[in-house]
Amino acid sequence: MQGTTYGYVRVSTNDQSEERQLLSMSKFGISAENIFVDKQSGQNFDRPAYKKLLEKLNSADTVVIESLDRLGRNYFEIPEQWRIITREKLANIVVLDMPLLDTRQSKDLIGTLVQDIVLQVLSYVAQSEREFMIRRQAAGIAAAKARGIKCGRPGKVKPPNYPEVLKRWQAGEISARQAGKMLNVNHSTFLNWARKKY
């Protein structure tokens, strides 16, 4: 029985482009309506498009991913999701950059054993890379702070009428909520300004 071929694409943030992965799916012959895209970390599998893909999967269907780390970056959960797709859903998985991880081939015991070993090694590599990126990012932020560079989102700019609104709030004429409305910010931002947090 010929099933449907689906593509799964994941990038970690909205800033990252999924174009390269989409092109790989197109070259594989997967139609746009059968490609599921998440813009979310690979830390876990609580992702909307991935969940929809699992709901659609039937036996003899195939899931195509560009590389194993696009499926996820969690050493323990990658093999579990692999098991759900291949053993519970009875679907196939194709990892484009790793031909050994193509469950349409080598369905005998030795083939399954080789796939399981490769899967465990690549799952370890995927999580290790994620942990290394987090450590490198934290080190970069710490080094920037040590040089006096501010990290994170810049604070909101106070509007021109801020001093006048602040005086009225300090005099008890208006509440923090009213002050926030007058400045077109939420009251917690106003209170942070008033307490000179930024």
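Give the number of residues within the range 13-49 that are closer than 16 Å to Val95 by Cα and among the hydroxyl-bearing types (Ser, Thr, Tyr). Final tally of qualifying residues: 2. Scan the range 49-58 and tell me whether some residue there is touching an Asp or Glu at 6+ places or on another chain (Cβ under 7 Å), under 25 Å from Gln105 (Cβ atoms) and basic (Lys, Arg). No, that holds for no residue. From Phe36, Phe28, which residue is buried (at least 18 other Cβ atoms within 10 Å of the Cβ) and of a type in the set (Phe, Trp, Tyr)? On inspection, the qualifying residue turns out to be Phe36. Among the residues of the range 3-25, just one is assigned to a helix (DSSP H, G or I), surrounded by 12 or more Cβ atoms within 10 Å (Cβ to Cβ) and without any contact (Cβ under 8 Å) to a residue 24 or more places away in the chain, namely Leu22.
Rundown of residues vs (1) assigned to a helix (DSSP H, G or I); (2) surrounded by fewer than 18 Cβ atoms within 10 Å (Cβ to Cβ), yes/no style:
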{"site": "Asn44", "(1), (2)": "no, yes"}
{"site": "Ser59", "(1), (2)": "no, yes"}
{"site": "Pro79", "(1), (2)": "yes, yes"}
{"site": "Trp82", "(1), (2)": "yes, no"}
{"site": "Val94", "(1), (2)": "no, no"}
{"site": "Asp97", "(1), (2)": "no, yes"}
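Exactly one residue out of Val64, Val9, Val94 is within 14 Å of the chain's Cα centre (by Cα) and hydrophobic (A, V, I, L, M, F, W, C), and it is Val9.
All of the numbers you see were taken from the coordinates with simple rules; none came from a lab. Everything numeric here is computed off the predicted structure, so don't read it as measured data. Every residue, glycine as well, gets a Cβ built from its backbone with ideal geometry; the counts of neighbours run over all protein chains shown.
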